[in-house]
Amino acid sequence: MLIAPTASGSIKVYIDMVREAKIEDAQAIQNLIFFYSEDGKMLFRSLAEIEERISDFLVYEKQNEIIGICSLKFGWDKLVEIRSLGVDPRFHRQGIATQMIQGSVERALLRDDCDTAFVLTYAVPLFTKFGFEIVDKMQLPQKVWNDCQACLHKDNCDETAMSLSLLPLKKMPSTTPTDLKDSEEFLYS
Ligand SMILES: CC(C)(COP(=O)(O)OP(=O)(O)OC[C@H]1O[C@@H](n2cnc3c(N)ncnc32)[C@H](O)[C@@H]1OP(=O)(O)O)[C@@H](O)C(=O)NCCC(=O)NCCS
């Protein structure tokens, strides 16, 4: 939290947090996606696409600025994909992505239509600490690969597929997102 005086003498309080994206965040989200899509770390998404799917996104807001993004794609059978995870390079290695993944898992746990989270990633250790395990890419449903057609690396994909079963987390008695935040040793085992 940062407390800053304004020109008018009032005080502005900034709270750094992971939150659901709002339509006003779409341009900032697109800027980060564009930045990372240039070298193929992320799939390009147009502003219109992002605006249409804004409810899929979580953002990390720091002092009124969007410095982290992540989205969840439901609808792959009972799978949910964590995608478009990116953090402004000025803020790498400060635990921002960790908080975004935690928020995403908590969000997925609230849904009845998914039992497994998966990700295609270049940052295996980031997901390992949540209990994600490496899986054979070929185990993912064929329709996942439709999105890959737009990827710069589609013919030599060097991402690692990882998945996490949500069922044990869903079975935790009276699990709520807050409980999960408090039980880091379970998610981070
Ligand atoms: C990958 C990325 C999202 C990580 O964001 P971050 O906020 O720096 O990550 P965190 O600070 O939460 O990292 C926590 C741990 O994850 C691991 N980790 C983080 N980035 C990593 C990377 N690029 N490669 C391998 N492991 C990584 C480390 O173990 C790190 O702990 P440490 O800092 O104590 O060593 C960020 O580097 C990024 O935006 N990269 C470009 C976009 C991209 O590749 N997206 C795909 C990711 S699925």
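Overview of results
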read-out	value
³J(HN,Hα) computed for each position of region 101-117 - Karplus, 6.51 cos²θ - 1.76 cosθ + 1.60, integer Hz, glycine/proline x	5, 4, x, 5, 5, 4, 5, 5, 5, 7, 9, 8, 9, 8, 10, 9, 9
Hz values of 3J(HN,Hα) by residue in region 122-137 - Karplus curve (6.51, -1.76, 1.60), Gly and Pro given as x	9, 10, 4, x, 4, 8, 4, 5, 8, x, 5, 10, 5, 10, 5, 3
Within region 104-120, backbone nitrogen closer than 16 Å to the virtual label 7 Å beyond the Cα of Gln139 toward Cβ	115-120
Simple Cβ-charge dipole of the chain, Lys/Arg +1 and Asp/Glu -1, about Cα centre, in debye nearest 20	180
Lys, Arg +1 and Asp, Glu -1 on Cβ, resulting dipole of region 21-101 about Cα centre, debye, nearest 20	300
Along the chain, longest interval not containing exposed chymotrypsin sites (Phe, Trp or Tyr not before Pro), exposed being DSSP loop plus at most 14 other Cβ atoms within 10 Å	1-121
Relative contact order, percent, region 2-187 [alpha-carbon distance under 8 Å, six or more residues apart]	18
Under the Karplus curve 6.51 cos²θ - 1.76 cosθ + 1.60, θ = phi - 60°, whole-Hz ³J(HN,Hα) for region 22-33, x wherever Gly or Pro sits	10, 4, 5, 7, 4, 5, 5, 5, 5, 4, 5, 4
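All of the numbers you see were taken from the coordinates with simple rules; none came from a lab. Small disclaimer: the values here were computed from a predicted structure and weren't measured. Cβ atoms come from the backbone with ideal geometry, glycine included; neighbour counts cover every protein chain shown.
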